[in-house]
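Enquirer: Shown below is the structure under consideration.
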Amino acid sequence: MNASPGRRTELLAAGAATVTVILWASAFVSIRSAGEEYSPGALALGRLLAGAFTLGIFCLVRREGWPPRAAWPGIAISGLLWFGFYMVALNWGEQQVDAGTAALVVNIGPILIALLGARLLGDPMPPRLLAGMAVSFAGAVTVGLSMSSGGGSSVLGVVLCLLAAVGYASGVVAQKPALGRASVLQVTTFGCLVGAVACLPFAGQLVADAADAPLSATLNMVYLGVFPTALAFTTWAYALARTTASRMGATTYAVPALVVLMSWLALGEVPGLLTLAGGALCLAGVAVSRSRARAVAPEAVPPAPQPERASDSA
């Protein structure tokens with residue numbers, strides 16, 4: 001039996017969100033490698049330029065024009081705060097604090113998205129969403145504490161990760177209305193371009209770092225631009241256009257669990273039992289937040305008694 005149009009749209013949005021989460025998780029592994037050779041601003045600019053170039057090709061092939069004027073406020077704000085500011089602040093913050101602390105602080109982003117979405121967009125806050133976010137945040141805290149090396153954090157690094165979370169949440173909430181006025185590809189492409197323009201002051205650092213960086217670090221930067229940026233931000237926007245910002249934000253709590261798995265496979269970093277438990281909590285919370293309450297079947301109403309017919313007289 002073919003799925004209904006509504007169910008098919010829901011499945012496509014869930015698939016797009018899954019692609020986003022997997023690619024964003026892989027970004028943490030690539031950032032760890034490229035960040036050793038590229039400064040925070042240079043890495044952000046190089047990533048955004050690679051992403052904008054890739055997205056621009058798709059826009060030309062699909063003959064996407066300029067976004068409508070009504071979509072530009074959301075595109076500009078998300079481009080500045082999410083594509084630009086967030087990436088620079090996160091890259092810088094991860095050089096100041098250990099990975100566990102960074103993951104813990106940045107993971108307040110989905111909570112901020114839920115609060116801002118409810119306040120500015122009128123997003124509903126069903127109990128299952130709140131419960132799932134609470135479970136996932138507990139998992140993120142567990143992962144963060146298990147990965148924290150102790151003594152490797154600085155006040156500056158924590159503040160930078162906190163600012164990155166604020167920029168991420170604000171950018172997502174600003175992007176949501178723009179998706180109702182422009183196509184997914186338009187919103188993603190021009191948001192990436194705005195972020196790249198905002199990062200142009202780091203062009204000199206990018207040129208200098210690229211001249212000295214090994215090929216592997218540069219390839220990691222290009223990978224970040226093509227896949228976790230161009231592809232993953234597009235699939236994110238596709239899913240966001242078909243659900244609420246709060247539910248999409250809760251979905252990203254699966255990222256810490258996947259980062260643990262990818263670090264295990266790619267970097268040989270064997271996770272401890274506490275890390276595995278935290279990752280399981282993250283995934284369980286996402287499952288709860290995206291579940292729906294079962295519809296209560298209406299009680300059967302007994303048929304109204306039929307009036308007795310008068311017997312025919314002889």
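Enquirer: Hey, can you find the accessible area per residue of the stretch 180-245 for me, probe 1.4 Å, expressed in square angstrom?
Expert: Solvent-accessible surface per residue comes out at 40 Å².
Enquirer: Can you send over the carbon and sulfur percentage of the accessible area for the stretch 4-136, probe radius 1.4 Å, protein chains only?
Expert: That fraction is 68 percent.
Enquirer: Shape of the stretch 9-128 from its Cα gyration tensor (a ≥ b ≥ c, root eigenvalues): rounded if a/c is under 1.5, otherwise prolate when a/b > b/c, or oblate?
Expert: Here the stretch 9-128 falls in the oblate category.
Enquirer: Rounded to the nearest percent, how much of the accessible area of the stretch 154-213 (1.4 Å probe, protein heavy atoms only) is carbon and sulfur?
Expert: Taking all protein chains in place, the stretch 154-213 shows 74 percent carbon and sulfur surface.
Enquirer: Keeping every protein chain in place, order 170, 246 by accessible area at 1.4 Å, biggest value first, i.e. largest first.
Expert: 170, 246
The values are calculated or read from the model by the stated rules, or taken from the named source; none is laboratory data. All figures in this text were calculated on a predicted structure; none of them were measured in a lab. Just the protein is used for accessible areas: all its heavy atoms, side chains included, with ligands, DNA and RNA removed. Shrake-Rupley method; radii C 1.70, N 1.55, O 1.52, S 1.80 Å.
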